[in-house]
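Chemist: Structure incoming, see below.
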Amino acid sequence: MNYFRDSRRIVVKLGTSTLTHATGHLNLRRIERIVKVLSDLQNSGMQVVLVSSGAVSAGVAKIGFGKIPKTAEEKQAMAAIGQSELMKIYDRFFSDYGHTVAQILMTKEVLTTPERRCAAENTFNRLLEMRCIPIVNENDSVSTDELTKFGGNDILSAYVAQLCRADLLLNLSDVDGLFDSDPRTNPDANLISRVDNIDDIFTSAGGAGTDRGTGGMVAKLKAAKIVTEDGIPMFILNGHDPEILYTLLDGGHVGTYFSAKK
Ligand code: GLU
């Protein structure tokens, strides 16, 4: 099965652990390789939307904050510093491969307020028609509460995929996919290559991931539930080697595939 064959519009979510070193600084070599592969997909005729984490971590590293920000104010300040750093790097690398990026910072209210939702939808569509690559993050610097926050970029990427009417959501993180038990504690854990009924497997997932990201498997499964129930399939893939996207493009199978319900 070639998962990309019917996919014209794809949303790719990149986690903080994929984008940064253990020091918190941006992993430039990895980001450049990811950008090259995504540029290639865009060149092949696809429309790529990127949902990128990493702002808080990049902000912390940039000013040498020296600790994990604890308070909401600290996190918001770090995100404000790191977001521009992140976009500067994306802009430079995507420009090298001939592409234009566009920043979109979202809050939950954008989705729950009909006029704002419509405006966001139109903006995405216009950018994609113009062959730009929208790069989306939560507007961390101004989102503080339940009304405005998505609860992480795994969930945000699912809503963005819905908003853009994407054909496929690719969630790239530091895990190979969904396992039948926690691979960090059980060496015999097996990768589940395909999930058709997500409710069956919620109980087997757990773990919060690394201390640099916020996602964890439960958030990824919630994202998978949101999109698959809306007819959009999703993959969980390891972003360590971005070229695995070519394996999918060439008709191979990697990671965990969540089939769409309709
Ligand atoms: N928006 C956060 C950041 O850019 C990341 C949230 C997440 O990884 O879920 O740092």
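The values are calculated or read from the model by the stated rules, or taken from the named source; none is laboratory data. What you are looking at is a predicted structure, and each value in this text was computed from that prediction instead of being measured. Every residue, glycine as well, gets a Cβ built from its backbone with ideal geometry; the counts of neighbours run over all protein chains shown. Ligands, DNA and RNA are excluded from the accessible area calculation, which covers all protein heavy atoms including side chains. Shrake-Rupley method; radii C 1.70, N 1.55, O 1.52, S 1.80 Å.
Chemist: Place a point 7 Å from Cα of residue 97 in the direction of its Cβ. Which residues in region 229-246 have their backbone N less than 20 Å from it?
Modeler: 235-246
Chemist: Still on this structure, please answer the following. State the extension gain, in nm to one decimal, for the chain segment bounded by residue 194 and residue 1, taking 0.36 nm per residue of separation less the distance between their alpha-carbons. All intermediate terms of the calculation are to be shown ahead of the outcome.
Modeler: Working: separation 193, 0.36 × 193 = 69.48 nm, distance 1.21 nm.
Contour length minus the Cα-Cα distance gives 68.3 nm.
Chemist: Can you list the residues, at least 5 places off or on another chain, whose amide H is less than 5 Å from the amide H of residue 175, using H built in the peptide plane?
Modeler: For residue 175, whose amide H was placed from the backbone, the distant partners under 5 Å are 239.
Chemist: Suppose R0 equals 41 Å. What FRET efficiency, 1/(1 + (r/R0)^6) with r the Cβ-Cβ distance, do residue 119 and residue 185 give to the nearest 0.05? Write down the numbers at each step before the final one.
Modeler: Working: r = 46 Å, r/R0 = 1.12.
Here the calculated transfer efficiency is 0.35.
Chemist: Then there's this: Please report the antiparallel percentage of DSSP beta bridges with both residues in the chain, rounded to the nearest 5. Write down the numbers at each step before the final one.
Modeler: Working: 6 of 32 bridges.
Rounded to the nearest five, the antiparallel share is 20 percent.
Chemist: Then there's this: Which of rounded, prolate, oblate describes region 90-185, given a ≥ b ≥ c as roots of the alpha-carbon gyration tensor eigenvalues and a/c under 1.5 marking rounded, otherwise prolate only if a/b is larger than b/c? Each step should come with its number before you reach the end.
Modeler: On the way: a/c = 1.83, a/b = 1.19, b/c = 1.53.
Oblate, since a/c reaches 1.5 and b/c is not below a/b.
Chemist: Measure off 7 Å from each Cα along the Cα-to-Cβ vector at residue 260 and residue 44, then give the distance between these two points in nanometres to one decimal.
Modeler: Label at residue 260, label at residue 44, 1.8 nm between them.
Chemist: Amide H neighbours of residue 15 under 5 Å, counting only residues 5+ apart in sequence or on other chains, H built in-plane at 1.01 Å?
Modeler: Answer set, sorted by chain and number: 172.
Chemist: Then there's this: From the helices alone, meaning DSSP H stretches of at least four residues, give me the mean residue ellipticity at 222 nm for the chain, per-run term -39500 (n - 2.57), in deg cm²/dmol to the nearest 500.
Modeler: Details: 9 runs with 104 residues, N = 262.
For the chain, the value works out to -12000 deg cm²/dmol.
Chemist: Less than 23 Å apart at the alpha-carbon level, and either on another chain or at least 8 residues along: which lysines does that give for residue 36?
Modeler: 13, 88
Chemist: Here is a follow-up. Highest mean first, what order results for 77-86, 45-54 on Cβ atoms within 10 Å? Before the final figure, lay out each step's value.
Modeler: On the way: 77-86: 21.4, 45-54: 23.2.
My ranking of the peptides, most packed first, is 45-54, 77-86.
Chemist: At 1.4 Å probe size, with every protein chain present, just tell me what the per residue accessible area of region 41-194 comes to in Å². Write out the running numbers ahead of the final one.
Modeler: Numbers: 7110 Å² over 154 residues.
The answer is 46 Å² per residue.
Chemist: Continuing with this model, one more query. In the structure displayed, which of 222/261; 225/261; 67/220 lie more than 18 Å apart, Cα to Cα? The partial results should precede the final answer.
Modeler: Details: 222/261 14 Å; 225/261 9 Å; 67/220 26 Å.
Those over the limit are 67/220.
Chemist: Taking the Cα-to-Cβ direction at residue 88 and at residue 68 and moving 7 Å from each Cα, how far apart do the two end points lie in nm?
Modeler: So the two model labels end up 2.7 nm from each other.
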